Amino acid sequence: LEDYRAAGGYQALAKALAMAPEAIVNEIKASGLRGRGGGGFSAGMKWGFLAAKTAPEKIVICNADEGDPGAFMDRSLMESAPHQVLEGMLIAAAATGATKLFIYCRAEYPLAIKHLKIAIEQIVASGLNVVYGRTLDIIIKEGAGAFVCGEETALIASLEGRRGTPRFRPPFPTDSGYHNLPTMINNVETFGNVPGIIADGAAAYAAVGTATSKGTKIFALAGDLKYPGLVEVPMGITLAEIVFDIGGAERD
């Protein structure tokens, strides 16, 4: 926690708590941030949907069920910067009125889970889980490694203790999700982008990327490459540039 704070950690949360909830949502909308889980839906719009709901409880879920073969973006972010992900979730809770936070992480990521638990303990001990006077519960749910549970309605079913099976939509989770409560799901990388957007402003984030997809994206490079590993690149870069120019794959 001290290291994260020394690097500017939780300054974005403090800035967000000095703003009105709708102002936080508008900042995320203005940034152009899209969900990094694959669907690419506007994060700001999704946050706005949840914020508009009136309910005794509202739920925010971090989808950390990274099941794509060879992918290790979310795992690395949770292992190395768990506070960054959690700060993004706390800002989302402030913006939407959420009362409970879940992290749905596959059990095959024991180090990520260990580091998240330490970070959550530090957050609670420091009182950082109190937003606008609401004390938030932050709960880790370990998934059993079912690929289908990366789909949000299947994830919710698993979180409720049922078989992880997708269901038809509507209703969408922001209307009726976890135990029929309004629920919003973003993935690890999406939440990881949030502190920087709030700290530096939406315009700075939107200055990177393309007209319709803002910011950067992390990719995991694995296989027959000269330079395997993680790369973070601006949205709009081509796969050829990632694989050949950055990864060093042979062009023949």
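The values are calculated or read from the model by the stated rules, or taken from the named source; none is laboratory data. Nothing here was measured: the structure is a model prediction, and the numbers come from that model. No Cβ is skipped: glycine too gets one built from the backbone with ideal geometry, and neighbour counts run over all protein chains shown. We work out accessible area using only protein heavy atoms, side chains counted, and drop any ligands, DNA or RNA first. Shrake-Rupley method; radii C 1.70, N 1.55, O 1.52, S 1.80 Å.
Mind putting a number on the dipole of the range 118-164 about its Cα centre? Charges go on the C-beta only, +1 for Lys and Arg and -1 for Asp and Glu, and I need it in Debye to the nearest 20.
Computed about the Cα centre, the dipole is about 80 debye.
In what order, largest first, do PHE147, PHE41, PHE244 sit by accessible area if the probe radius is 1.4 Å?
Values: PHE147 130, PHE41 95, PHE244 60 Å².
The ranking, largest first, comes out as PHE147, PHE41, PHE244.
Keeping all protein chains in position, work out how much accessible area LEU181 exposes to a 1.4 Å probe, and write it in Å² to the nearest 10.
Here the accessible area works out near 30 Å².
Quick check: at a probe of 1.4 Å, how many percent of the accessible area of the range 160-228 sits on carbon and sulfur atoms?
Numbers: 1970 of 3530 Å².
Carbon with sulfur: 56 percent of the solvent-accessible area.
Where the convex hull is taken over the Cα atoms of the chain, what is its projected area averaged over directions, in nm²?
Across all orientations, the chain yields a mean hull projection of 13.8 nm².
Straight-line reach from LYS141: which lysines have a Cα under 25 Å away, not including same-chain ones fewer than 8 places off?
LYS46, LYS53, LYS58, LYS100, LYS114, LYS117
Under the definition of Cα pairs under 8 Å and six or more residues apart, what whole-number percent is the relative contact order of the chain?
For the chain, the relative contact order is 25 percent.
How much of the pair distance distribution for the range 106-167 lies past 14 Å, counting alpha-carbon pairs only, in percent? Write out the running numbers ahead of the final one.
Details: 1190 of 1891 pairs.
Result: 63 percent of Cα pairs exceed 14 Å.
Evaluate the charge dipole of the chain about its Cα centre and quote only its size in Debye, nearest 20, assuming +1 on the Cβ of each Lys and Arg and -1 on the Cβ of each Asp and Glu.
740
Per-residue accessible area for HIS115 at 1.4 Å probe radius, Å² rounded to 10?
50
Relative contact order (percent) for the range 88-199, with alpha-carbon contacts under 8 angstrom and 6 or more residues of separation?
Taking the mean separation of contacting Cα pairs over the length of the range 88-199, I get 24 percent.
Could you put LEU90, LEU111 in order of accessible surface area, largest first, with the 1.4 Å probe and the full protein assembly present?
From most accessible down to least: LEU111, LEU90.
Which listed residue (LEU1, GLY37, ASN26) has the Cα farthest towards the positive end of the charge dipole for the range 1-41, taking +1 on Lys and Arg C-beta and -1 on Asp and Glu C-beta about the Cα centre?
Value computed over the given set: GLY37.
Taking the Cα centre of the range 104-174 as the origin and placing charges on Cβ (Lys, Arg +1; Asp, Glu -1), which of LEU159, ILE140, ALA112 is farthest toward the positive end of the dipole?
Checking the options against the dipole of the range 104-174, the answer is LEU159.
Just to verify a number: what accessible area does ARG169 come out at with the full protein assembly present, 1.4 Å probe, Å² rounded to tens?
Counting only protein heavy atoms, the figure is 110 Å².
With a 1.4 Å probe and all protein chains in place, put ARG162, ARG167 in order of accessible area, largest first.
On the way: ARG162 135, ARG167 90 Å².
Greatest to least solvent exposure: ARG162, ARG167.
What helices in the chain pass both tests, a Cα length along the helix axis of 18 Å or more and a mean Kyte hydropathy of -1.0 or higher, using whole DSSP H runs?
82-96, 110-126, 188-200
Near the amide H of LEU230, under 5 Å away, which other amide H atoms are found, from residues 5 or more places off or on another chain, if H is placed in the peptide plane?
Sorted by chain and number, the residues that satisfy this are LEU221.
Which of GLY39, GLY164, GLY67 moves most in a GNM of the chain, Cα contacts under 10 Å?
GLY39
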